[in-house]
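Enquirer: Structure below; questions to follow.
The values are calculated or read from the model by the stated rules, or taken from the named source; none is laboratory data. The structure displayed is predicted, hence computed values, not measured ones. Ideal geometry is used to build each Cβ from the backbone, glycine not excepted, and the neighbour counts take in all protein chains shown. Just so you know, the surface numbers come from the protein's heavy atoms only, side chains and all, with ligands and any DNA or RNA stripped out. Shrake-Rupley method; radii C 1.70, N 1.55, O 1.52, S 1.80 Å.
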Amino acid sequence: AIDLYKSSISSFPNKPEAYSNLGVVYKELGNLKDAEDMFKRAIEIKSDFLDALINLAPVLKDQGKIIEAEDVILKAIKYYPKSALAHLNFANILKALGKLHEAEISTKYAIKLNPNLTIGYINLGRILIDLGKINESEECFKKLIQLDPINKDANYFLGRIYYSSLKFEQAINC
């Protein structure tokens, strides 16, 4: 895949998609520095290229560049205020900064924008657990199971909630 995208870049050096796609491959391979470089190159070509913006932010966060990641995702939100993934990525950065209440608000907004965003429910449920809002977290995971009955994460976390609440029979059924 890397050679294919490099060939595409050679043929179409002004196509941000080619750089962003190669960035995704590097990201999946754990090569965060090269992923960062490719996403930044895509953004140089097209400053409001959403795919590159929403992929660059977590790459920066994972490298410990939290403030830069926050700047990038806020730019994505500025350009695309209705992007659920941009708001969800912003919530992840807020969580990394220890701003759990703000992360909760941003995640809820992402879910409002896209009620079928399963990863949003997982993230929200985990944030609610961290905030000690166990009942809300339980409801969040139940909602996700309604959307995706075989979601492993939802069943796992709901089972943990039941177990810690001494609801062993319900925990076993998760």
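Enquirer: Identify, please: which residue in segment 3-57 is under 26 Å from Ile77 (Cβ atoms) and of a type in the set (Val, Ile, Thr) and is, among those, surrounded by the most Cβ atoms within 10 Å (Cβ to Cβ)?
Expert: That would be Ile54.
Enquirer: Another question about this same structure. List every residue pair whose Cβ atoms sit under 9 Å apart, with the two residues 6 or more apart in sequence or on different chains, where the first one lies in segment 157-174 and is modelled with pLDDT under 75 and open to solvent by less than 80 Å² (accessible area, probe 1.4 Å) and the second, anywhere, is outside any helix (DSSP H, G or I) and not basic (Lys, Arg).
Expert: Ala171/Ser165
Enquirer: A further question on this structure: Can you spot a residue in segment 19-41 that is of a type in the set (A, V, I, L, M, F, W, C), within 25 Å of Asn123 (Cβ to Cβ), modelled with pLDDT of 95 or more and touching an Asp or Glu at 6+ places or on another chain (Cβ under 8 Å)? Walk me through how you get there before you give the answer.
Expert: Going residue by residue through segment 19-41, those that are of a type in the set (A, V, I, L, M, F, W, C) are 22, 24-25, 29, 32, 35, 38-39.
If we keep only those that are within 25 Å of Asn123 (Cβ to Cβ) too, we end up with 24-25, 29, 32, 35, 39.
Checking the rest, the ones that are also modelled with pLDDT of 95 or more come to 24-25, 29, 32, 35, 39.
Now drop any that are not touching an Asp or Glu at 6+ places or on another chain (Cβ under 8 Å), which leaves 32.
Looking for residues that are of a type in the set (A, V, I, L, M, F, W, C), within 25 Å of Asn123 (Cβ to Cβ), modelled with pLDDT of 95 or more and touching an Asp or Glu at 6+ places or on another chain (Cβ under 8 Å), one finds at least one in segment 19-41, hence yes.
Enquirer: Also: Taking segment 58-105, which residues are under 19 Å from Lys46 (Cβ atoms) and surrounded by 23 or more Cβ atoms within 10 Å (Cβ to Cβ)?
Expert: Of everything in segment 58-105, those that are under 19 Å from Lys46 (Cβ atoms) and surrounded by 23 or more Cβ atoms within 10 Å (Cβ to Cβ) turn out to be Val59, Leu60, Val72, Ile73, Ala76, Ala86, Asn89.
The rows are residues; the columns are (1) part of a helix (DSSP H, G or I); (2) under 16 Å from the mean Cα position of the chain (by Cα); (3) of a type in the set (Asp, Glu).
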{"site": "Pro115", "(1), (2), (3)": "no, yes, no"}
{"site": "Gly125", "(1), (2), (3)": "yes, yes, no"}
{"site": "Leu128", "(1), (2), (3)": "yes, no, no"}
{"site": "Gly132", "(1), (2), (3)": "no, no, no"}
{"site": "Ile145", "(1), (2), (3)": "yes, no, no"}
{"site": "Ile150", "(1), (2), (3)": "no, no, no"}
{"site": "Arg160", "(1), (2), (3)": "yes, no, no"}
{"site": "Tyr163", "(1), (2), (3)": "yes, no, no"}
{"site": "Glu169", "(1), (2), (3)": "yes, no, yes"}
